[in-house]
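Since the structure comes first, as structure tokens, the remarks are kept for the end.
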Amino acid sequence: MPADYNGTWEMIENENFEGIMKALDIDFATRKIAIHLNQTKEIKQEGDKFFTKTLSTFRNYNVDYTIGEEFEEHTKALDNRIVKTLVKWDGDKLICVQKGEKANRGWKHWIEGDKLHLELTCCDQVCHQIFKKKN
């Protein structure tokens, strides 16, 4: 049985977020605002179907997906690109590959205790974010 990602998760750590944003060609002013924001993730999981919201006071981003089904994702609130996205299970981890103009783009989600980990990759940059489950 895969891990249960359901819940509201509040960011407690955000390592190398600016590096990822630079790799995605996000402008200086937006980067300076974004690195100071605390994000909240709301995840609703129904089997292999995920409904996710990433919320902040600056921008919100919603993406819904089904494990194993590639889809076209418009990253409008992020870097405003269109990518082909595929999310798969690797044990209890969610592994995402995003194909587009940027190399090595994607993310991994996993849970340890009451913490949700998110590792974002793009080109040669890696960002590690940690979220704590909200009660």
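The values are calculated or read from the model by the stated rules, or taken from the named source; none is laboratory data. These figures come from a predicted structure and were not determined experimentally. Methodologically, a virtual Cβ is constructed for each residue, glycine included, from the backbone with ideal geometry; neighbour enumeration extends over all protein chains shown. What goes into the accessible areas is simple: the full protein's heavy atoms, side chains included, and nothing from ligands, DNA or RNA. Shrake-Rupley method; radii C 1.70, N 1.55, O 1.52, S 1.80 Å.
Under 6 Å between Cβ atoms, which residue pairs at least 6 apart in sequence (or on different chains) link something in the range 109-125 that is at pLDDT below 95 with a partner that is β-branched (Val, Ile, Thr) and part of a strand (DSSP E or B)?
Once the first residue is at pLDDT below 95 and sits in the range 109-125, no partner that is β-branched (Val, Ile, Thr) and part of a strand (DSSP E or B) comes close enough.
Within the range 1-33, work out how many residues are of a type in the set (A, V, I, L, M), in a helix (DSSP H, G or I) and farther than 25 Å from Lys88 by Cβ.
3
For the range 127-135, check the following and say yes or no: at least one residue is of a type in the set (Phe, Trp, Tyr), in contact (Cβ under 8 Å) with a residue 40 or more places away in the chain, within 19 Å of Tyr5 (Cβ to Cβ) and crowded, with 18+ Cβ neighbours inside 10 Å.
Looking for residues that are of a type in the set (Phe, Trp, Tyr), in contact (Cβ under 8 Å) with a residue 40 or more places away in the chain, within 19 Å of Tyr5 (Cβ to Cβ) and crowded, with 18+ Cβ neighbours inside 10 Å, one finds at least one in the range 127-135, hence yes.
Taking the condition of being loosely packed, with under 15 Cβ neighbours inside 10 Å, modelled with pLDDT under 95 and touching a Ser or Thr at 6+ places or on another chain (Cβ under 6 Å), how many residues in the range 38-63 meet it?
1
Write out, first by first residue and then by second, each pair whose Cβ atoms fall under 7 Å of each other, whose residues are 6+ apart or on separate chains, and whose first residue, in the range 1-24, is farther than 14 Å from Asp79 by Cα while the second is open to solvent by 20 Å² or more (accessible area, probe 1.4 Å) and acidic (Asp, Glu).
Pro2/Asp92; Ala3/Asp92; Thr8/Glu42
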